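*Asks:* Shown below is the structure under consideration.
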Amino acid sequence: MHATIAATLVAVVSVAAFAATQMGNIVSPPVTGITTLVKPALARPDLAGSSALTPTDKRSIENLVRAELRALIALDAERAFSKLTPSTQSFFGEPVRFLQAIADKVPPILQTRYFAFLGAERSASRIVQQVLITDSLGQEWVAEFEVERQKSGDWRVEDCVVEVAPGQQA
């Protein structure tokens, strides 16, 4: 257990050390309030050193997630919706409903001021890109974007979970 805690701390410290060179430098819309999520995130050190994805895949996934975050921050429902898998688009039905669900369920994403990629991991059933998000209040969050390669070869967002970053209180 102590090794897991130490590894998690090393991963978080490593992210902080390199965040200045990898930040998205995005200014968010004004904050009128924030709904907090109570489940603490567990930064998984295995994400940082994952060799299961090719460098091209990692770059493509980061580009997808970066585009999705920028669309959400800009409150561009159409652009954000276009980055979703067909099944997720079908679930929400229309871009405005998707953006409203994000605002209701994971508001820190809409208030992102900076972000840094933590790593991507391929497991038997899914691929997840972790992103450290700092909102306009300085609160840190870990967003896990589950992505899926389409038959056309491009990547799309299937799901996203946002949790309080380790060591932070919501």
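*Asks:* Beta carbons within 10 angstrom, averaged per residue: use that to sort the peptides 133-142, 53-62, 160-169, highest first.
*Replies:* Order by mean packing, descending: 133-142, 160-169, 53-62.
*Asks:* Under a 5 Å amide H to amide H cut-off, with H placed in plane at 1.01 Å, what residues pair with Glu158 once short-range neighbours are removed?
*Replies:* Residues meeting the criterion, in which the H sits 1.01 Å from N, are Thr85, Glu146, Val147, Glu148.
*Asks:* Can you give me the Rg/Rh ratio for region 65-132, using Cα atoms for both radii and the Kirkwood formula for Rh?
*Replies:* 0.98
*Asks:* Give the ranking of Glu146, Glu68 by solvent-accessible surface, highest area first, calculated with a 1.4 Å probe.
*Replies:* Glu146, Glu68
*Asks:* Ok, one more. Within region 106-154, report the trypsin sites (Lys or Arg not before Pro) that DSSP leaves as loop and that have at most 11 other Cβ atoms within 10 Å.
*Replies:* Those that pass, being in a loop and sparsely packed, are Lys151.
*Asks:* Please compute the net charge surrounding Trp155, taking Lys and Arg as +1 and Asp and Glu as -1 over other residues with Cβ under 14 Å from its Cβ.
*Replies:* Summing Lys/Arg as +1 and Asp/Glu as -1 gives +1.
*Asks:* Can I ask one more? Apply the Karplus parameterisation 6.51 cos²θ - 1.76 cosθ + 1.60, with θ equal to phi minus 60°, to every residue of region 76-92 and state each ³J(HN,Hα) to the nearest whole Hz, in sequence, with x for glycine and proline.
*Replies:* Whole-Hz 3J(HN,Hα) from phi for region 76-92: 8, 4, 4, 5, 5, 4, 5, 8, 8, 5, x, 5, 6, 4, 4, 4, 7.
The values are calculated or read from the model by the stated rules, or taken from the named source; none is laboratory data. Keep in mind that this is a model prediction, so the values were computed, not measured. No Cβ is skipped: glycine too gets one built from the backbone with ideal geometry, and neighbour counts run over all protein chains shown. Heads up: the accessible areas ignore ligands, DNA and RNA and are worked out on the full protein's heavy atoms, side chains in. Shrake-Rupley method; radii C 1.70, N 1.55, O 1.52, S 1.80 Å.
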